[in-house]
Amino acid sequence: MKKILAILMALCMFCGVAMAEAATELNWDEIAPIIEQSGVAGDFVTFDEIAVKIWIPSDLQPAELTDEDRSNGFIGYFADAEQTASLSVVYVDVSGMSIEDYTAQLNEMEGVAEIDAGTVNGLPCVSYTMPEQDSGHIAFATEAGYILEVSVWPTSAEGADMVWGIVLGSIQAE
């Protein structure tokens, strides 16, 4: 397991460095071979609410969402058995806000850091961190007027960087 984490940490450093540059473009085709070489198992997960798929490592299991979770926009939540790595997928109606408008809103929020624009698998996005909450986020504006946001935390826990790197490079239209 430690060897797999080391390989995936290298992937995460690649993804983190790439997203740190403005207008960076990441493609699954470049990341998939690294994951294949590592031998880490996983599958793409799709969501009924939106035509997007995300590759999730097999170590992460879906949690059952409550009605309250769904009313707050959660469409997916995944965690490992030790709760050292988790990610959530949220789909929220923002009345047609563009990714640029969302980025401007993030710039005004207290506690938000490292805001970077980019493109992941052809989808314009913005990534950011919330250091006090120990979390990392990536958001996409949709044609339906929603924001799709994928978040991972705690970013300092062992394994969390692995999830962030894989998810970051895998998000794509179905």
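What number of residues within region 92-121 are assigned to a loop (DSSP other than H, G, I, E, B) and either under 15 Å from the mean Cα position of the chain (by Cα) or among the aliphatic types (A, V, I, L, M) (or both)?
Total satisfying the criteria: 5.
Suppose we keep only residues that are buried (at least 17 other Cβ atoms within 10 Å of the Cβ) and either at pLDDT 95 or above or of a type in the set (Val, Ile, Thr) (or both) within region 54-79. Which one would you say is nearest to Asn27 (Cα to Cα)? Even if it seems obvious, please write down each step before you answer.
So in region 54-79, the residues buried (at least 17 other Cβ atoms within 10 Å of the Cβ) come out as 54-57, 59-60, 73-79.
Applying the additional criterion that residues be either at pLDDT 95 or above or of a type in the set (Val, Ile, Thr) (or both) yields 54, 56, 73-77.
Numbers: Ile54: 13, Ile56: 16, Gly73: 27, Phe74: 25, Ile75: 24, Gly76: 23, Tyr77: 24 Å.
This residue is Ile54.
How about region 1-27: which of its residues are buried (at least 17 other Cβ atoms within 10 Å of the Cβ), modelled with pLDDT of 50 or more and either polar (S, T, N, Q) or part of a helix (DSSP H, G or I) (or both)?
If the condition is that a residue be buried (at least 17 other Cβ atoms within 10 Å of the Cβ), modelled with pLDDT of 50 or more and either polar (S, T, N, Q) or part of a helix (DSSP H, G or I) (or both), then Thr24 is the only one that fits.
Among (1) more than 16 Å from the chain's Cα centre (by Cα); (2) hydroxyl-bearing (Ser, Thr, Tyr); (3) surrounded by 14 or more Cβ atoms within 10 Å (Cβ to Cβ), there is one condition Ser86 misses while meeting the rest; what is its number?
(1)
Looking only at region 125-139, count every residue that is under 15 Å from Ala157 (Cα atoms), of a type in the set (S, T, N, Q) and within 9 Å of the chain's Cα centre (by Cα) and tell me the total. Quick ask: steps written out before the conclusion?
Step one: filter region 125-139 for residues under 15 Å from Ala157 (Cα atoms), giving 129-136.
The next check asks that each one be of a type in the set (S, T, N, Q); those that pass are 129, 133, 135.
If we keep only those that are within 9 Å of the chain's Cα centre (by Cα) too, we end up with none.
The number of residues fulfilling the criteria is 0.
The values are calculated or read from the model by the stated rules, or taken from the named source; none is laboratory data. Remember, predicted model here, so these are calculated numbers, not experimental data. Here the Cβ is made from the backbone with ideal geometry for all residues, glycine too, and neighbour counts use every protein chain on show.
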